[in-house]
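Visitor: Below is a structure I'd like to ask you about.
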Amino acid sequence: MMFLINPIYASASIVFMLLLLLIIHYLSPTSSWGYISQALIFHQVRKYLLMLDVRKDHVKFWRPQVLLMVANPRANIGLITFINDIKKSGLYVLGHVQIGDLGLLPSDPLQCQYDSWLSLVDHLNIKAFVNLTLADSVRHGVRHLLFISGLGGMRPNTLVLGFYDDLPPQDQLQDRSFHSDRSLDDPALAEDQEDPLFHFPPLRGSVPEDKNRAEAWGGKALGSQEYVSIIADAVKMLKNVALARYFGQFDRQRALQSPVFVDVWPLNLLRPDSSSYVDTCSLFLLQLACILNMTRSWQKAKLRLFLCVEVGRSLKGAEQKLRLLLKELRMKADIYTVPWDEQVALHWQRQHVGMAIEAEPEKGERDEVQKEDEEEVEEEEEEYANSFPSNAVRLSDDYLHAVNRLILNQPRPPPAVRFLYLPRPPADTRRYHNYLHQLELLSRDLGPTLLIHGVTPVITTDL
């Protein structure tokens, strides 16, 4: 009726009311009687979470829903901001485990820490939830968070851990280059160099008393055996796992300066015989790299796929096969073929074959024992080729150093981040330390690197 009487005044009135609503929304002082908007949001969120049915999940609608375990946020600002990019529109949870027993404490020690964590989330301008837990060990705490984090159909499907090494942590909260653009523009935070809102404990080794005090595992809250056990637990729970190394050196603003490259090595570098690029883990690597490239900040980055091929095989055929796969999956990436005959020659399988050829018996003797040993040799070869524990025990440091140099010495501009294939942990818990040692040699000095193991299919070509 207003528009029929006077459309100009009616339009001006509506614009004025919208303007007044925005001013009240953004400039209103803090209310002591609560916010009706929070009650309305709660009602809508609860309704739609109930409608999000996990039984209707489909691979076409898969997205990364990440649980990032953070020991101390002071040393993980770079990793926290990077995972915020790679999760894109999925769920993002910052998890933390504090060692303790609630039965021996007068109150819950975690309640007073939530404000610091939420202030950090606002300060870094990331879209993440915070989930803290109290447990008798880090392994049990991570297991708790994997079981209970999220609601309904919004639950983490990927666990991200920092790498277990002896590098001294650096306090990145004191370095303004690691902070988001919004936090740098905030005059209150720009003037405050000490960040009093963040009541996080000091880093290990930063307090003089800690340097003189002998602690187990070099001051860490867990040992290497427990660390690999966490990875094995996540795989058993059908969670994808990513190990982030050297992200203490990751500066997002500097990394995104052009040109930006993201390197993907989709082959299991510890198993040259498994030269397949279409298994679940390799496709998961490609999917995460593609998702990172789709985010607004990384759209100008170029994906580089490195195809490790032996000279005796068809280089063009392998490259063409991978190119057709990328075309079918609608992924844009540059493919580089990398000969690695010198590295493969150091692998125990090739050395075993060479020794077998040198020790080959005479023709007459071979004919006599061939039928008797045929089944035994086949079983032995199958065990050597397909049993990961057997492969893990026989891998030499020379081979791992050679593969590490192969990745590091590529004659191309260095990438902002590398994606590598993470093998499954061995079934024998006695080999956990050896497994972690091999990962350390493989990823040594590579810069920011994600070692990724995927257990769930994330790609389909069906419409």
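The numbers here are math on the coordinates, done by the rules we state, and not lab data. This one's a predicted model, so the numbers in the text were calculated from it and none came from an experiment. All Cβ positions, even for glycine, are placed from backbone atoms using ideal geometry, and neighbour counts span all protein chains on display.
Visitor: In nm, to one decimal, how far is the Ser107 label point from the Lys300 one, both placed 7 Å along Cα→Cβ?
Guide: With each label placed 7 Å out from Cα toward Cβ, I get 5.0 nm.
Visitor: Mind giving me the FRET efficiency for Arg254 and Trp33? R0 is 51 Å, r the Cβ-Cβ distance, nearest 0.05 is fine.
Guide: With R0 = 51 Å, the Cβ-Cβ based efficiency is 0.65.
Visitor: Right, another one. Taking R0 as 41 Å, what's the FRET efficiency between Met237 and Asp445 from their Cβ-Cβ distance, rounded to 0.05?
Guide: For R0 = 41 Å, the calculated efficiency reads 0.80.
Visitor: Follow-up question, since we're still on this one. How much length would be gained if the chain were fully extended between Thr460 and Tyr114, taking 0.36 nm per residue of separation minus their Cα-Cα distance, in nm to one decimal?
Guide: 120.6 nm
Visitor: Simple spin-label model, 7 Å along Cα-to-Cβ: Ser11 to Lys332 in nm?
Guide: 4.0
Visitor: Next question, about the same structure. Label points 7 Å out from Cα along the Cβ direction at Ala427 and Ile99: separation in nm?
Guide: About 3.2 nm separates the two model spin labels.
Visitor: I've got another one for you. Let me check I've understood the local charge: for Lys56, count other residues with C-beta under 15 angstrom from its C-beta, Lys and Arg +1, Asp and Glu -1. What total comes out?
Guide: Once all neighbours under 15 Å are counted, the net charge is +2.
Visitor: Based on the Cα coordinates of segment 1-113, what is the per residue volume of their convex hull in Å³?
Guide: Expressed per residue, the convex hull around the Cα atoms of segment 1-113 is 287 Å³.
Visitor: List the chymotrypsin sites (Phe, Trp or Tyr not before Pro) within segment 2-75 that fall in a DSSP loop (any state other than H, G, I, E or B) and whose Cβ has at most 11 other Cβ atoms within 10 Å.
Guide: Of the chymotrypsin sites (Phe, Trp or Tyr not before Pro), the ones in loops of segment 2-75 whose Cβ has at most 11 other Cβ atoms within 10 Å are Trp33, Tyr35.
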